[in-house]
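A.B. asks: Here you go, one structure.
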Amino acid sequence: MKPSPVKLSRAAAIGAAVLLGLGGAAVTPTTAHAASSQGMFLDGPFYLINANGKYLGADGTWLRLYGNGGGNRYFNTVPDRGYVTFEHNDSKKNIGTVYNDTHSGTRVFLANPSGSGTQDWSAVPFGGGTEFFALQNLAAIGKCMGISGGSSGTDIAIFPCDRAPNQQWRLQRVPR
């Protein structure tokens, strides 16, 4: 049985039941609400890290995997109509699909904020005590953000949600 998507709200900013890698502490619905009311989730920035340990980052407007965190690999979470938009810390562009396409294999890139559902994401927790979750696209029903390979420089795209490691992500706060 596949888990149902968790709509992201201002109170949880990245999913009430999702465990986040914030200094190794588990975030419960109660602490997520309290934390977000103090701006912990909304002020970022965060790294988005795939289950293979590589970081999501920008190469111009294209999103790719990198071996470590760096200046072009920070994202802020922005609540948007009950979902979340991931805003690139430097460019202030949002993670979205190319040409607002919703077909499997469509690349994910940084786009000017448009209010499109292809820039909105919900978290699907994997459960079982894991800190990982899938990022399901609002407009592309049943499609999740994933990687098409495992090495640095790999492209990011949307694929049918299948709980595979290429679709498993976690957030880690960028040290200040």
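A.B. asks: Ala58 - would you say it is among the hydrophobic types (A, V, I, L, M, F, W, C), over 13 Å from the mean Cα position of the chain (by Cα) and over 20 Å from Gln172 (Cα atoms)?
C.D. replies: It is false that Ala58 is among the hydrophobic types (A, V, I, L, M, F, W, C), over 13 Å from the mean Cα position of the chain (by Cα) and over 20 Å from Gln172 (Cα atoms).
A.B. asks: Considering the stretch 65-78 alone, what residues qualify as being under 19 Å from Asp120 (Cα atoms) and touching a residue at least 60 places away in the same chain (Cβ under 8 Å)?
C.D. replies: Passing the criteria: Tyr74, Thr77.
A.B. asks: While we're on this one: Go through the stretch 79-93 and count every residue that is surrounded by fewer than 19 Cβ atoms within 10 Å (Cβ to Cβ), free of Cβ contacts under 8 Å to residues at least 40 places away in the same chain and in contact with an Asp or Glu (Cβ under 9 Å, 6 or more places away or on another chain).
C.D. replies: Of the residues in that region, 2 qualify.
A.B. asks: Sticking with this one: Would you call Ala157 of a type in the set (A, V, I, L, M, F, W, C) and either without any contact (Cβ under 8 Å) to a residue 40 or more places away in the chain or surrounded by fewer than 19 Cβ atoms within 10 Å (Cβ to Cβ) (or both)?
C.D. replies: no
A.B. asks: Kindly indicate the residue of the stretch 49-66 that is modelled with pLDDT of 90 or more and part of a loop (DSSP other than H, G, I, E, B) and also surrounded by the fewest Cβ atoms within 10 Å (Cβ to Cβ) among those meeting that condition.
C.D. replies: Gly53
A.B. asks: Within the stretch 107-118, is even one residue in a loop (DSSP other than H, G, I, E, B), among the charged types (D, E, K, R) and either farther than 16 Å from Lys54 by Cβ or in contact (Cβ under 8 Å) with a residue 60 or more places away in the chain (or both)?
C.D. replies: Scanning the stretch 107-118, I find no residue that is in a loop (DSSP other than H, G, I, E, B), among the charged types (D, E, K, R) and either farther than 16 Å from Lys54 by Cβ or in contact (Cβ under 8 Å) with a residue 60 or more places away in the chain (or both), so the answer is no.
A.B. asks: Looking only at residues in the stretch 84-96 that are in a strand (DSSP E or B) and either more than 11 Å from the chain's Cα centre (by Cα) or not aromatic (Phe, Trp, Tyr) (or both), which one is nearest to Ala139 (Cα to Cα)?
C.D. replies: Gly96
A.B. asks: If you don't mind, another one. Identify all residues within the stretch 115-141 that are touching a strand residue (DSSP E or B) at 6+ places or on another chain (Cβ under 6 Å), closer than 16 Å to Thr97 by Cβ and either surrounded by fewer than 23 Cβ atoms within 10 Å (Cβ to Cβ) or not acidic (Asp, Glu) (or both); write none if there are none.
C.D. replies: Within the stretch 115-141, Thr118, Gln119, Trp121, Ser122, Ala134, Leu135, Gln136, Asn137, Leu138, Ala140 qualify.
A.B. asks: So in the stretch 125-176, with the set limited to residues that are in a loop (DSSP other than H, G, I, E, B) and under 11 Å from the mean Cα position of the chain (by Cα), which one is nearest to Ala51 (Cα to Cα)?
C.D. replies: Gln168
The values are calculated or read from the model by the stated rules, or taken from the named source; none is laboratory data. Bear in mind the structure is a predicted one, so any value in this text is a computation, not a measurement. Glycine gets a Cβ as well: all are built from the backbone with ideal geometry, and neighbour counts include every protein chain shown.
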